[in-house]
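In what follows, a single structure is set out as structure tokens and then discussed.
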Amino acid sequence: MNTDGFKASGPIGVFDSGYGGLSVLREIQKRLPQYDYLYLGDNARAPYGTRSFDIVYRFTLEAVRYMFERGCHLVILACNTASAKALRSIQQNDLPLIDPDRRVLGVIRPTVEKVGEITRSGNVGLVGTPGTVKSQSYDMEIAKLYPDFHLYSQPCPMWVPLVEYKEFDSPGADYFVKQELDRLMSRQPGIDALILGCTHYPLLYDKIVKYVPGSVSIISQGKITADSLADYLNRHPEMEVKCSKGGNTTYLTTENPEKFADLAAVFLDRSVDVEHAELSC
């Protein structure tokens, strides 16, 4: 790996397998507008949710290495699947060899930490992609932090396609959202906190609210991740000084830039310029 310029400050990296991480980036930009950001969506190889642990780990590591080469000292995996299937291995096995001063953080831990502040009953629901649910990463984190809580998980295979095909506001979306939420709530009507375990799901927020009881608090990851990042930078001034401050964001995709820009505008509510990035295959 080329290590030239590793000591210079650089943007904060935000990575996702596709578009969903833009909902996290948007909240981070609101919370911390002074920093530079580099967003990378691996759209050419999405979705990650149906892939094996080994493949998700390899793809995520390739993306992290690429973002390091582009000057990032800190990378946020704004992707539940990558956080579930790759984060721990990268942190424990790869960073010490690549550069022990670099950091990679995920979205699952700060989300779970927030659960403890919200639930009163300890009955927590999770909606996510089949891959995230199958990984049981949320189950493990909740068991570590809150061993008395009970997590009820519901895979929602149609929710991401609804967003990516711009059907998230359609009557058809109501059917699929209600179907999965009814299945979840029928298993435990006492759920009072619901984790949106996929960064696409904020675009379905209005429909999710319609089909859960008013007593259920919905936990969306964008603001939580932004607040967690602000806290991390405050607690780690040695990393904060390595994050450049120009208020600029570069958007990269491994797919077609025009196609990415079209849907990115839906997530960001504004148009952006997008560049193509080539990762190893």
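In Å, the Kirkwood hydrodynamic radius of the chain over pairs of distinct alpha carbons?
Kirkwood radius, the chain: 19.0 Å.
Work out the charge dipole of segment 147-281 with +1 on the Cβ of Lys and Arg and -1 on the Cβ of Asp and Glu about the Cα centre, then indicate which of Ala277, Asn248, Ser217 is farthest towards its positive end.
It is Ser217.
How much net charge surrounds Ala277 when only the other residues with a Cβ under 9 Å from the Cβ of Ala277 are counted, with Lys and Arg +1 and Asp and Glu -1?
-2
Nearest 20 debye, what's the magnitude of the dipole of segment 1-81 about its Cα centre given +1 on Lys and Arg Cβ and -1 on Asp and Glu Cβ?
Here the size comes out at about 140 debye.
Please report how many Lys pairs in the chain have alpha carbons closer than 16 angstrom, counting only residues at least 8 apart along the chain or sitting on separate chains.
11
If you average the C-alpha positions of segment 208-250 and of segment 60-132 separately, how far apart do those two centres end up, in angstrom?
After rounding, the separation between the Cα centres reads 13 Å.
With Cβ to Cβ distances under 10 Å as the rule, what net charge do the other residues near Ala46 carry (K, R +1; D, E -1)?
-2
How many Å² of accessible area per residue for segment 113-240, probe 1.4 Å?
47 Å²
Nearest 20 debye, what's the magnitude of the dipole of segment 211-281 about its Cα centre given +1 on Lys and Arg Cβ and -1 on Asp and Glu Cβ?
About 280 debye.
With +1 assigned to the C-beta of every Lys and Arg and -1 to the C-beta of every Asp and Glu, and no other charges, what is the dipole magnitude of the chain about the Cα centre in debye, to the nearest 20?
Dipole about the Cα centre, nearest 20: 480 debye.
Note down the net charge around Ile55, summing +1 for each Lys or Arg and -1 for each Asp or Glu among other residues with Cβ under 10 Å from its Cβ.
Charge balance near Ile55 sits at +3.
Over the chain, what percent of the accessible surface lies on carbon and sulfur atoms, probe 1.4 Å?
Of all accessible area on the chain, carbon and sulfur atoms account for 50 percent.
Express in Å², to the nearest 10, the accessible area of Lys223 obtained by rolling a 1.4 Å probe over the protein heavy atoms while all chains stay in place.
130 Å²
The values are calculated or read from the model by the stated rules, or taken from the named source; none is laboratory data. Just so it is clear, the structure is predicted and the values come from calculations on it, not from any experiment. Cβ atoms come from the backbone with ideal geometry, glycine included; neighbour counts cover every protein chain shown. We work out accessible area using only protein heavy atoms, side chains counted, and drop any ligands, DNA or RNA first. Shrake-Rupley method; radii C 1.70, N 1.55, O 1.52, S 1.80 Å.
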